[in-house]
1. How big is the dipole moment of the chain about its Cα centre under a simple scheme where the beta carbon of each Lys and Arg is +1, that of each Asp and Glu is -1, and everything else is neutral? Debye, nearest 20, please.
2. What is the angle, in °, between the Cα long axis of helix 165-188 and the longest principal axis of the Cα atoms in the chain? Nearest 10 is fine, range 0 to 90.
3. In what sequence, highest mean first, do 38-46, 198-206 appear when ranked by Cβ atoms within 10 angstrom?
4. Working only with C-alpha atoms, what are the Rg and Dmax values of the stretch 116-270, expressed in angstrom?
5. For labels at residue 159 and residue 26 in the simple 7 Å Cα→Cβ model, what's the distance in nm?
6. Report the full-extension gain for the segment residue 205 to residue 260: residue separation times 0.36 nm, less the Cα-Cα distance, to one decimal in nm.
7. Using a cut-off of 15 Å between beta-carbons, work out the net charge of the residues near residue 188 (Lys and Arg +1, Asp and Glu -1, residue 188 not included).
8. Which order do the peptides 178-187, 219-228 take when ranked by the mean count of other beta-carbon atoms within 10 Å per residue, highest first?
Amino acid sequence: GIPMEIIVGKMFKLEIWETLLSSMRAGEVAEFWCDTIHTGMYALVSRGMRRIAEGRDPLEGQKHRCGMGNMFDYHSTGYDDLDELQQMPQPLIFIMELFRVEEPSAYKRDTWAMSKEEKLAAVPVLHSEGNRLVLRKEFRQAAAKYQEAVICLRNLQAKEKPWEDGWLKLESLVTPLVLNYCQCQLELGEYYEVLEHTTELLQKHNENAKAYFKRAKAHAAVWNEREAREDFLRVAHLDSSMAAAVKKELKQLGERMRKKHVEDQKRYKGLF
């Protein structure tokens, strides 16, 4: 639904597209027939573009290897027509419309199109913007900033070997962003979103007290009393400085559950 951006000279997977676009004028629509020698990478390019259009990370599920290596590992792009094209390469016709040509850095680049250095530079800026929006209680917009920063870091992590130094350094930047994102989702009432992300975080970092605390609050909000109590008690065990907050939350949880029990009794009494 939005125009694609190609940065000339960045060695895009389909190099022929740079040649084609460089022959066009702004506002022109042109049709190009390309032999198989130029179209071998189209299935992988199309897969990434489709994932972006679906709101997904184009590097989702990839291991620390090249694009073709990931293809051989999974034997599929995830799209039947692209799998068929992979098996039987053929010439393709591209119809292109050139909307505009811009000078370098004259536009805000999507995170997936940034270089490693640009992504690393963008993360603290997005983090700071998210914090500023939280202070203004604009939680949905803040969550989007934190999420964008996480995507930058996850894209970089996909090029590192899991649990090695580079990967761990990036993970240490991801964790507080995910926790901030979850706090925004708590404020917005998106409790199952919080349960999903905190559980995923705790699978990697099972002694993160803040993640347990946010998950406990989400459990409490959706009436999972046993799970909420377990997580709150885990918080108190991991971080004594949070004991007072845990005590307060457990008291509120008990009061809410007693009130719910009384309301349920009245409701069922009316039914029978």
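The values are calculated or read from the model by the stated rules, or taken from the named source; none is laboratory data. Everything numeric in this text was worked out from a predicted model, so none of it was measured. Because the Cβ atoms are built from the backbone with ideal geometry, glycine has one as well, and the counts that use them run over all protein chains shown. Please note that ligands, DNA and RNA were not included when accessible areas were found on the heavy atoms of the full protein model with its side chains. Shrake-Rupley method; radii C 1.70, N 1.55, O 1.52, S 1.80 Å.
1. Working: 41 positive and 42 negative charges, 383 e Å.
Approximately 1840 debye in magnitude.
2. The answer is roughly 60 degrees.
3. Highest mean packing first, the order is 38-46, 198-206.
4. 18.0, 65
5. 3.1
6. Contour length minus Cα-Cα distance gives 16.4 nm.
7. +1
8. Descending packing order for the listed peptides: 178-187, 219-228.
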